[in-house]
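Here's the structure, in structure tokens; my notes come after.
The values are calculated or read from the model by the stated rules, or taken from the named source; none is laboratory data. Quick caveat, the model's predicted, so the values are computed rather than measured. Note that each Cβ is placed from the backbone with ideal geometry, even for glycine, and that neighbours are counted across all protein chains shown.
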Amino acid sequence: MKIISSKVIRGLNISPAECVTWIRESFAQKSAAQLPAKISVHPADTDFFTSMPCLLRDDETGRRFFGVKEVHRIEGSVPSLGSDMMLYDAKSGELLALMDADWITTMRTGAVAAVSAQALRKTGAHIYGFVGLGNTARATLLCILENEPAQQFRVKLLRYKDQAENFIERFKDYTNVSFEIVDDINIMARTVDVFISCITSANGLLVEDEKDFQPGVTVIPVHMRGLQNCDTTFDRVFGDDTDHVRGFKYFPQFKAYNEIGEVLAGRDPGRTSDVQRIIDYNYGLALHDVVFASKIYKLLEHQTMQELPWEKETAKYWI
């Protein structure tokens, strides 16, 4: 069994553009995968442990992978979010790898947000707003910029401590983006084409009056929180998987709901006018995690690296 650390994964130098490609591939095989809804337990307040299994279809070589990711958020931990992955050969039952899944989680989340924004934004949209400027926001903007290098973006950042300045410094080498720091989230809501929230927790609503969102806006609450007042009033609502979002309080009142994968596959037009307001809930799928993990495993499969001998009992009777 291989032990695959975050450092090893980052050493592969997988580009954000490649992450976007992997997300499109994973959505394309969603119907052929077994993807049970995730299960969460809550040790205290907003803390959680969430189990996320997925069985992929056979790949091009006839191999089949199963994986289960365990993700947790613990208040006060640094970082607050963490995750680990067990990857199996589904045809033999062999445990192939134990992976640190933090890079996988962050980059697949950013890639999904980037792909969704591109698919659902109005014509000519180029002004993006970001609330919450941690690793997920960085991953999202990396995927946006590298997926569309010829597009010039204007990005508004909600000020919080010195995070906006640090965020801008991170992207100083990118020529297809300019930044503006704003102090009022309501002004941001009124002036952006795509509103992306990457905060991991929220007490109450981020934008008290949903009418502050201008016609044609696309809202993407990456971590689901603080924008529920849009659920019953926006023209269209999308999710990454119906079984994962049907438990949302306002799900029965969603207007013109469908899965974002149907838009990517061309079976749903997505936005049908430039005045529609759209909100997209990508709850986070083990499908993406296991696709990323399987691709990373294949990149590392023949490299010499840390392994753990896994001595399994082979006798039929051993008690």
Counting only residues that are of a type in the set (A, V, I, L, M), part of a helix (DSSP H, G or I) and closer than 11 Å to residue 97 by Cβ, the range 293-306 contains a total of 3
Filtering the range 212-234 down to residues that are at pLDDT 95 or above and basic (Lys, Arg) yields none
Out of all the residues in the range 119-140, is one or more of a type in the set (Val, Ile, Thr), in contact with a His (Cβ under 7 Å, 6 or more places away or on another chain) and closer than 30 Å to residue 158 by Cα?
-> no
For residues that are of a type in the set (Asp, Glu) and touching a residue at least 60 places away in the same chain (Cβ under 8 Å), tally how many sit in the range 1-49.
-> 1
Within the range 255-279, track down each residue that is in contact with a Leu (Cβ under 6 Å, 6 or more places away or on another chain) and either of a type in the set (D, E, K, R) or without any contact (Cβ under 8 Å) to a residue 40 or more places away in the chain (or both).
-> 271
Please work out if residue 75 is assigned to a loop (DSSP other than H, G, I, E, B) and either free of Cβ contacts under 8 Å to residues at least 24 places away in the same chain or of a type outside the set (D, E, K, R) (or both).
-> no
Taking the range 229-247 only, how many residues are farther than 25 Å from residue 36 by Cβ and outside any loop (DSSP other than H, G, I, E, B)?
-> 3
Quick check, is residue 70 surrounded by fewer than 23 Cβ atoms within 10 Å (Cβ to Cβ) and touching a residue at least 60 places away in the same chain (Cβ under 8 Å)?
-> no
Options 215, 252: the member that is touching a residue at least 60 places away in the same chain (Cβ under 8 Å) and assigned by TED's automatic domain parsing to the domain that holds residue 185 = 215
From the options 290, 263, residue that is touching a Pro at 6+ places or on another chain (Cβ under 9 Å), over 18 Å from residue 1 (Cβ atoms) and assigned to a helix (DSSP H, G or I) | 263
Taking residue 195 and the conditions (1) out of contact with any Gly (no Cβ under 6 Å at 6 or more places or on another chain); (2) closer than 25 Å to residue 19 by Cβ; (3) among the hydrophobic types (A, V, I, L, M, F, W, C), which numbered condition does it fall short on, given that it satisfies the others?
-> (1)
Checked the range 16-39 for anything among the polar types (S, T, N, Q), exposed (fewer than 13 other Cβ atoms within 10 Å of the Cβ) and more than 15 Å from residue 240 (Cα to Cα); matches are none
Scanning the range 1-41 for residues that are part of a loop (DSSP other than H, G, I, E, B) and basic (Lys, Arg) gives 38
Among the candidates 291, 245, 237, which residue alone is of a type in the set (Val, Ile, Thr), outside the structural domain of residue 86 (by TED's automatic domain parsing), surrounded by 13 or more Cβ atoms within 10 Å (Cβ to Cβ) and at pLDDT 95 or above?
-> 237
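Table: residues versus (1) modelled with pLDDT of 95 or more; (2) surrounded by fewer than 20 Cβ atoms within 10 Å (Cβ to Cβ); (3) among the small types (Gly, Ala, Ser); (4) assigned by TED's automatic domain parsing to the domain that holds residue 196.
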position	(1), (2), (3), (4)
75	no, yes, no, no
96	yes, no, no, no
109	yes, no, no, no
127	yes, yes, no, yes
